[in-house]
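Written out below as structure tokens is the structure these notes cover.
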Amino acid sequence: MLLSLFNWLASLGPEWSFLRAFQYLTLRAVMAAITALLIGLVAGPAVIRRLTALKIGQPIRAYGMQTHLAKSGTPTMGGVLILLSIAISTLLWFDWTNRFVWIVMLVTLGFGAIGWVDDWRKVVKKDPEGMRSREKYLWQSLIGLMAAVALLFSISEVSNVRVLELFGNWVLSGFTADFPPHADLLVPFFKEVSYPLGALGFIILTYLVIVGASNAVNLTDGLDGLAIMPVVLVGSTLGVFAYVTGNAVYARYLIFPFIPGSGELLVFCAALAGAGLAFLWYNTHPAQVFMGDVGALALGAALGTVAVIVRQEIVLAIMGGIFVVEALSVMLQVSWFKYTKRRYGEGRRLFKMAPLHHHFEKKGWNETQVVVRFWIITMLLCLLALSTLKLR
């Protein structure tokens, strides 16, 4: 919005020519991060007071960590603050004609709405389980599949008009038209190794990445500050990849696919980082507010969607390794428990408790140790992900 305003003012005369500086993507990204950070810091106390007044407190499961019982009643649904900061900042600073940012925003807010309903049932109906899994996955799947179809055509063309033309041609061809290599799965650390997915393969992979990332971040969000800092780190790293794939010169030099318009995602990623840091101000131990599913589901889906657009699905799994192992720990724990119960008549556990961060708490690590060590691991993984820009 501000970009259009500044361009119009700059066209009025030389006295406004300094506003042309805001045409630079990097400047707008910095401004988006600052804007989101300030919105979160300023609005944070008011949001926390409002959540407290509405008695939207986090219920603690009886079978959870006993040390967490003291957190019962801490305001949750603080993810609303994150989403508002991201949305306002992004809308102010990105180019409104960019289709990629709109898709990411809609996916983020869509998953945020699912999380909001889940949290609302927990705090209003006093049901610690919230939305049932089948219902949650149904809505996640609908949004994920719609996003996957939209991204298939958006990535394959260079403009909004060409996207519509490609979709029309695909329908007229009986859904058999070929898509350009942009839709292939890229393998990191190799210069020109990619696997053709085809339309169906791309849609399935995109769906799995978006829904999987959403739930993985949600499972990780179990300790004060544990999820939000890795989200900031991974989101910032994805912003670098977005800048590269959206720049013809850098993309050609680093042997990356050039995806016109994807660079604008740097503004969204910067806003996400700023909003996340502002939330961390209030979420650091001992937390004044929890993000809840409204924040965790939305942020995970946002990371997955951006990773698909910049064609870095595998790299997302690398730098989001903490999210991956947290999700795997739950899957392995449940599967092993069911298998041993069926075979031996008594369920057994691989971990002391799942997700994995609770396992380390059971082993004697205090909450701050778990959180900071997981942060350090994420920093290292993000650096490894950035090395794939050149090590190819």
| Most positive-pole-ward Cα, Trp96, Gln140, Val161, against dipole of the range 87-168 from beta carbon charges | Gln140
| query | Under 16 Å from the 7 Å Cα→Cβ point of Leu106, by amide nitrogen: which residues of the range 291-310? | reply | 302, 305-306, 309
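Taking the mean number of other Cβ atoms within 10 Å as a proxy for protection, how do you rank 76-88, 39-51, 149-161, 9-21 from highest to lowest? Each step should come with its number before you reach the end.
On the way: 76-88: 25.0, 39-51: 16.9, 149-161: 18.5, 9-21: 12.2.
The packing order, highest mean first, is 76-88, 149-161, 39-51, 9-21.
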| query | If you line up the long axis of helix 25-53 against the longest principal axis of the chain, both from Cα atoms, how many degrees apart are they, to the nearest 10? | reply | 30 degrees
| request: Could you tell me which of Ile82, Thr35, Leu51 has its Cα farthest along the dipole of the chain towards the positive end, charges placed at Cβ (Lys, Arg +1; Asp, Glu -1), taken about the Cα centre? | output: Leu51
| Residues of the range 224-267 with amide N under 20 Å of the 7 Å Cα→Cβ point at Glu192 | 245, 248-259
| said: For the chain, take the longest principal axis of its alpha carbons; what is the angle in degrees between that and the long axis of helix 228-245, to the nearest 10 within 0 to 90? | reply: 20 degrees
| field | Of Thr378, Gly345, Phe360, farthest towards positive along the dipole that unit charges on Lys, Arg, Asp, Glu beta carbons give the range 336-385 | value | Gly345
| Points 7 angstrom from Cα along the Cβ direction at Leu41 and Val240: gap in nanometres? | 2.5 nm
| request: Measure nothing fancy, just the Cα-based angle from helix 265-283's long axis to the longest principal axis of the chain, in degrees from 0 to 90, nearest 10. | output: 30 degrees
| query | Applying 1/(1 + (r/R0)^6) with R0 = 41 Å to the Cβ-Cβ distance of Arg392 and Ser141, what FRET efficiency is obtained, to the nearest 0.05? | reply | 0.75
| task | Sort all Cα-Cα distances of the range 88-189 into consecutive 5 angstrom bins from zero, then give the percent of pairs in each bin up to the one containing the longest distance. | result | 2, 10, 15, 15, 15, 14, 12, 8, 5, 3, 0
| Solution diffusion estimate, µm²/s, Stokes-Einstein, the chain, Kirkwood Rh from C-alpha pairs, 37 °C, viscosity 0.692 mPa s | 150 µm²/s
| Rounded to the nearest 500, what is the chain's calculated 222 nm mean residue ellipticity when only DSSP H runs of at least 4 contribute -39500 (n - 2.57) each, over all residues? | -22000 deg cm²/dmol
| said: Under a crude label model (7 Å from the Cα following the beta-carbon direction), how far is Leu200 from Gln369 in nanometres? | reply: 5.1 nm
| Which of the residue pairs Lys125/Lys341; Lys136/Lys390; Lys136/Lys341; Lys136/Lys191 have a Cα-Cα distance greater than 30 Å in the structure shown? | Lys125/Lys341; Lys136/Lys390; Lys136/Lys191
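How big is the charge dipole of the range 209-349 about its Cα centre, in debye rounded to the nearest 20, if each Lys and Arg gets +1 on its Cβ and each Asp and Glu gets -1 on its Cβ? Can you show the working numbers first?
Working: 8 positive and 7 negative charges, 132 e Å.
Charge dipole of the range 209-349: 640 debye, to the nearest 20.
Taken together, the values in this text are just the output of simple stated rules run on the coordinates, not laboratory data. Note that this is a predicted model, so its numbers are computed, not measured. In this analysis, Cβ positions are derived from the backbone assuming ideal geometry, glycine residues included, and neighbour counts consider all displayed protein chains.
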